[in-house]
Amino acid sequence: MRAEKKLLTSEYVARLNGSPFFIVVGYQGLKVTHLTELRKRLSKAGAEIHVVKNTIFRVAAQEAGVADLNGNLTGQLAVVTGPKDISGAAKALKNFAAEFDKLKLKFGYLNNQRLDEASILVLADLPSLDVLRAKLLGLFNAPATKLATLINTPATQLAQVIKAKAEKAE
């Protein structure tokens with residue numbers, strides 16, 4: 001392998017190791033302006049897309065310890081990676097693919113688990129990781145709030161009775 005290819009391969013290995021996920025998309029027929037728009041949308045979601053040569057990506061995936069790619073690297077492909085959760089990137093890809101029919105979701109990996117197109121679309125419908133954390137904290141907080149209300153209820157009722165008696169006496 002030539003030095004340039006080794007450098008590119010090591011760069012993609014670092015990207016794959018630095019991201020908990022990657023999604024492979026086919027971009028054949030997309031114009032440069034559309035690909036630029038996709039880059040902007042993915043950037044807002046905390047992800048990035050890179051056009052990669054299939055042979056270089058295949059070698060990089062093997063070096064990164066990704067399971068067998070099953071020969072799915074055909075055509076013009078780009079790889080989406082990011083340090084954040086996959087749902088934001090999947091949502092951006094799903095919305096973009098709905099607008100521009102040329103973008104095709106191929107497959108992806110999340111923590112070394114293969115995802116097909118349907119799985120990526122399911123992940124796109126999930127709320128973001130921050131929203132899920134907020135909902136979970138709300139669930140943990142709800143019983144404590146109810147308990148505090150139950151404990152304070154008798155004291156509140158007693159205070160209301162005393163106040164009513166005081167107003168009646170005046």
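On the stretch given as region 1-31, residues that are part of a helix (DSSP H, G or I) and of a type in the set (A, V, I, L, M, F, W, C) total 6.
Looking at region 74-136, the strands (runs of 3 or more DSSP E) lying wholly inside it that each contain 3 or more residues that are closer than 26 Å to Q28 by Cβ sit at 77-82, 104-110. Looking only at residues in region 20-54 that are aliphatic (A, V, I, L, M) and farther than 14 Å from N95 by Cα, the one that is surrounded by the fewest Cβ atoms within 10 Å (Cβ to Cβ) is V32. Evaluating D101 against the criteria (1) modelled with pLDDT under 85; (2) under 18 Å from R15 (Cα atoms) leaves one unmet condition, (2). Would you confirm, using the coordinates I've provided, whether I162 is closer than 20 Å to S19 by Cα, out of contact with any His (no Cβ under 9 Å at 6 or more places or on another chain) and in a helix (DSSP H, G or I)? So I162 fails the test. Candidates in region 11-25 are the residues that are in contact (Cβ under 8 Å) with a residue 24 or more places away in the chain and small (G, A, S); of these, the one that is nearest to Q113 (Cα to Cα) is S19.
Whenever a residue of region 32-53 is closer than 17 Å to K102 by Cα, its partners that are assigned to a loop (DSSP other than H, G, I, E, B), lying with C-beta atoms within less than 7 angstrom and at least six residues away or across chains, give the pairs H34/F100; L35/Y27. Taking the criterion of being in the same structural domain as S119 (by TED's automatic domain parsing) and assigned to a strand (DSSP E or B), would at least one residue in region 54-70 satisfy it? For region 54-70, residues in the same structural domain as S119 (by TED's automatic domain parsing) and assigned to a strand (DSSP E or B): absent.
Apart from one condition, D101 fits all of (1) assigned by TED's automatic domain parsing to the domain that holds T74; (2) farther than 17 Å from A45 by Cα; (3) surrounded by 10 or more Cβ atoms within 10 Å (Cβ to Cβ); the exception is (3).
All conditions in (1) loosely packed, with under 11 Cβ neighbours inside 10 Å; (2) at pLDDT 85 or above hold for K106, with the sole exception of (1).
The single condition from (1) surrounded by 21 or more Cβ atoms within 10 Å (Cβ to Cβ); (2) at pLDDT 90 or above; (3) of a type outside the set (V, I, T) that G88 fails is (2).
The values are calculated or read from the model by the stated rules, or taken from the named source; none is laboratory data. Computed from a prediction, not measured in an experiment: that's the story for all the values here. Cβ sites come from the backbone with ideal geometry, for glycine too, and all protein chains shown count toward neighbours.
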